[in-house]
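In what follows, a single structure is set out as structure tokens and then discussed.
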Amino acid sequence: GAVVSQHPSRVICKSGTSVKIECRSLDFQATTMFWYRQFPKQSLMLMATSNEGSKATYEQGVEKDKFLINHASLTLSTLTVTSAHPEDSSFYICSAPGTGYSNQPQHFGDGTRLSIL
Amino acid sequence: GIQVEQSPPDLILQEGANSTLRCNFSDSVNNLQWFHQNPWGQLINLFYIPSGTKQNGRLSATTVATERYSLLYISSSQTTDSGVYFCAVAPGLTFGKGTLLTVNP
């Protein structure tokens with residue numbers, strides 16, 4: 001089945017550091033990928049839609065200059081949290097539709113737990 | 001945007017009991033999935049079920065798209081079923097707030 005790999009699984013770093021998270025579709029191509037954020041004991045919130053070869057689409061309230069998304073190939077999307085601060089500490093998770101279309105099952109990475117000291 | 005409501009928010013069961021989790025959504029959807037989030041945060045895909053009924057072992061799900069709801073049935077619950085169950089719909093995905101299930105031995 002479709003597999004999405006997310007790396008790293010955990011990051012602990014100092015305030016002011018920029019952190020890059022990778023999301024790869026291992027056995028299929030994904031023209032679209034999605035990024036979510038989950039705070040403790042809360043649900044997942046869609047942050048942005050990553051589009052291969054074009055700009056990402058951000059949800060309302062998500063700062064595009066803070067969360068940089070690059071989708072340079074059909075199998076890789078990256079999320080960079082720039083100048084991270086403690087309030088950016090969260091669980092970040094990506095997904096991709098298995099056949100490349102948004103109305104197909106979404107396959108999720110295992111998530112990245114980000115802790116900013 | 002589309003609203004997704006899950007009920008109940010919390011559910012405590014004794015091992016062996018059956019349960020039904022509900023997901024209501026406010027508009028037409030072209031994708032509905034049920035997930036189980038384990039203690040490590042991994043989302044385990046249970047069902048992709050925009051309509052109809054599916055079964056997988058002790059779990060089954062039914063979506064009535066015309067009435068905008070989906071149900072997840074868990075039979076003969078086990079302690080390993082504990083965790084948060086999410087319903088999510090497309091476009092988006094938009095997630096409900098989840099049901100925290102605790103199964104006691």
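Where in segment A:73-117 are there strands (runs of 3 or more DSSP E), lying fully within it, with 3 or more residues that are at pLDDT 95 or above and in contact with a Gly (Cβ under 7 Å, 6 or more places away or on another chain)? First the steps, then the outcome.
Details: elements: A:76-81, A:90-97, A:106-108, A:112-116.
Correct list: A:90-97.
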field: Members of segment B:78-91 that are facing chain A (nearest Cβ under 10 Å) and assigned to a loop (DSSP other than H, G, I, E, B)
entry: B:PRO91
- prompt: Within the bounds of segment B:92-100, is there any residue that is within 11 Å of chain A (Cβ to nearest Cβ), assigned to a strand (DSSP E or B) and modelled with pLDDT under 95?
  reply: yes
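For segment B:8-53: of the residues being among the hydroxyl-bearing types (Ser, Thr, Tyr) and away from every other protein chain (no Cβ under 14 Å), which is surrounded by the most Cβ atoms within 10 Å (Cβ to Cβ)? Give the steps one after another, and end with the answer.
Kept after step one, since they are among the hydroxyl-bearing types (Ser, Thr, Tyr), are these residues of segment B:8-53: B:19-20, B:26, B:28, B:48, B:51, B:53.
After this cut, where a residue has to be away from every other protein chain (no Cβ under 14 Å) as well, the list is B:19-20, B:26, B:53.
Working: B:SER19: 18, B:THR20: 13, B:SER26: 13, B:THR53: 13.
The residue in question is B:SER19.
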message: If I filter segment A:16-46 down to residues being buried (at least 23 other Cβ atoms within 10 Å of the Cβ) and within 11 Å of chain B (Cβ to nearest Cβ), which single residue comes out as farthest from A:LYS64 (Cα to Cα)?
response: A:LEU44
B:VAL103 vs. criteria more than 11 Å from the chain's Cα centre (by Cα), modelled with pLDDT of 95 or more and not in a loop (DSSP other than H, G, I, E, B): yes
- request: Residues being surrounded by 14 or more Cβ atoms within 10 Å (Cβ to Cβ), more than 14 Å from chain B (Cβ to nearest Cβ) and not charged (D, E, K, R): count how many of those fall in segment A:52-68.
  value: 3
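Is there a residue being polar (S, T, N, Q), over 30 Å from B:PRO9 (Cα atoms) and in contact (Cβ under 8 Å) with a residue 24 or more places away in the chain anywhere in segment A:38-61? Break it down stepwise before answering.
In the first step, residues of segment A:38-61 are kept if they are polar (S, T, N, Q); the result is A:38, A:42-43, A:49-51, A:54, A:57, A:60.
When the remaining residues are screened for being over 30 Å from B:PRO9 (Cα atoms), the result is A:50-51, A:54, A:57.
Applying the additional criterion that residues be in contact (Cβ under 8 Å) with a residue 24 or more places away in the chain yields A:50.
So far as segment A:38-61 goes, yes, one or more of its residues are polar (S, T, N, Q), over 30 Å from B:PRO9 (Cα atoms) and in contact (Cβ under 8 Å) with a residue 24 or more places away in the chain.
Hey, can you tell me all the residues within segment A:69-95 that are within 14 Å of chain B (Cβ to nearest Cβ), aliphatic (A, V, I, L, M) and either over 17 Å from A:SER5 (Cα atoms) or without any contact (Cβ under 8 Å) to a residue 60 or more places away in the chain (or both)? It would help to see each step written out before you state the result.
So the first thing to find is which residues in segment A:69-95 are within 14 Å of chain B (Cβ to nearest Cβ), and the list is A:89-95.
Imposing the further condition that a residue be aliphatic (A, V, I, L, M) reduces the set to A:93.
Hits for segment A:69-95: nothing passes.
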Single condition B:GLU67 does not satisfy, out of (1) surrounded by fewer than 19 Cβ atoms within 10 Å (Cβ to Cβ); (2) under 10 Å from the mean Cα position of the chain (by Cα): (2)
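The values are calculated or read from the model by the stated rules, or taken from the named source; none is laboratory data. Model, not experiment: these values are computed from the prediction. Cβ coordinates were reconstructed from backbone atoms using ideal geometry, including for glycine residues, and neighbour counts include every protein chain displayed.
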